[in-house]
Amino acid sequence: MAEITASLVKELRVKTGAGMMDCKKALNETDGNLEEAVDWLRTNGLASAQKKSGRVAAEGLVAVCTAGTMGACVEVNAETDFVARNETFQEFVADAAQASLTHKGDMQAVLDSAYPNSDKNFSEQLTHHIATIGENMSMRRSDYLEVSEGIVVSYIHSALRDNMGKIGVLIALESAGDKAKLQELGHKIAMHVAAARPEFLSVATVDATALERERNILTEQARASGKPEEIIGKMVEGRLRKYYEEAVLLEQIFVMDGESKISKLLAELGKEMGADVTLKGFVRFQLGEGVEKEESDFASEVASVVKG
């Protein structure tokens, strides 16, 4: 058998854009024949898939999966909304959400796990879909919530099908109270989270760096008013309370009634049921959030192709 050198692997990688390990495997399969290795990669959809990997994937779907006291949320991206409506892609996203629940939100464990009814794992199945559907795709992120007693509630905004759409939310309520009542309040809070976009669960969980940055900004704004330092301190604390009402879920005003804090709703339900209700956590995934989309100039693109 021919020796598979590092330079040969590198040459094949440059030629095809495929991954290093895929190139090595292709050369092993073809006894070091470079052209046959190129054909092997193309036949297996690996060369074309890798070439697509540089393209921005900011569309796709967010999916949720819950089971009693557990819940998982995943985001799987593609390049266009058209692919999000592809049934094959949707089934893959649903399977990814179920696997994320099984593996408690560990994305690497999901990628390495066996894909249902296939001899591939999730990572290999994704590569297969990239090659066959013809767009770059990525399993971008996953998260998981669990309570010892109570319920994890899910909500999908702009649902394309059951448990799948543009925004996915999980709410974890810990309580020994009535599950139906917990489900009802959890669903309302999940809808609130979709609309209000909280950043933190409680005042205690506010990121120290974010809080310091906010405090500095508010202090400079207050000083610009020319007020004495002792007044400035009170102004800053007042404005920080406003910041908490905007950024902290438990401090936010419930969007459905415009007057009750989320913390008050939990306390009222707890009193009604005779069992404390604690909001242990939330997850909010919005499709494409934080992904820089490329703005294409079609005229320039055509001109560049014509120029060769």
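Every number in this text was worked out from the coordinates using simple rules, so none of it is lab data. This is a predicted model, so every value here is computed, not measured. For neighbour counting, all protein chains shown are included, and Cβ atoms are generated from backbone atoms with ideal geometry for every residue, glycine included.
Computed extension length for residue 80-residue 229: 48.3 nm, one decimal, from 0.36 nm per residue of separation with the Cα-Cα distance subtracted. Modelled label positions at residue 67 and residue 187, each set 7 Å beyond Cα in the direction of Cβ, lie 2.3 nm from each other. Straight-line cross-link partners of residue 25 among the aspartates and glutamates, defined as a Cα under 19 Å from its Cα and at least 8 positions apart when in the same chain: 3, 11, 35, 36, 39, 112, 119, 124.
For the cross-link pairs 179/271; 181/280; 166/280; 104/181, the ones whose C-alpha atoms lie over 19 Å apart are 166/280; 104/181. Taking 0.36 nm per residue of sequence separation and removing the Cα-Cα distance, the residue 158/residue 33 pair yields an extension gain of 39.9 nm. Computed over the chain, the range of Cα coordinates on each principal axis works out to 77, 54, 37 Å, biggest value leading. Starting from the Cα gyration tensor of segment 175-262, take the square roots of the eigenvalues, sort them a ≥ b ≥ c, and report rounded, prolate or oblate (rounded when a/c is under 1.5, otherwise prolate if a/b is larger than b/c, else oblate). In terms of gyration-tensor shape, prolate.
Site pair residue 106 and residue 221 shows an inter-label distance of 4.4 nm when each label is modelled 7 Å from Cα along Cα→Cβ. Apply 1/(1 + (r/R0)^6) to the Cβ-Cβ distance of residue 117 and residue 210, taking R0 = 51 Å, and write down the FRET efficiency to the nearest 0.05. The formula returns an efficiency of 0.70 here. With each label modelled as a point 7 angstrom along the Cα→C-beta vector, the residue 87-residue 289 pair spans 3.2 nm. Stretched out straight at 0.36 nm per residue, the stretch from residue 278 to residue 245 would grow longer than its current Cα-Cα span by 10.0 nm.
Based on DSSP H segments of at least four residues, each scored -39500 (n - 2.57), the chain has a per-residue ellipticity at 222 nm of -15000 deg cm²/dmol. Contact order for the chain, expressed relative to its length and based on alpha carbon pairs under 8 Å spaced 6+ residues apart, stands at 17 percent.
Taking springs between alpha-carbon atoms closer than 10 angstrom, which of 197, 141, 241 fluctuates most in the Gaussian network model of the chain? Checking each option, the largest mean-square fluctuation is seen for 241.
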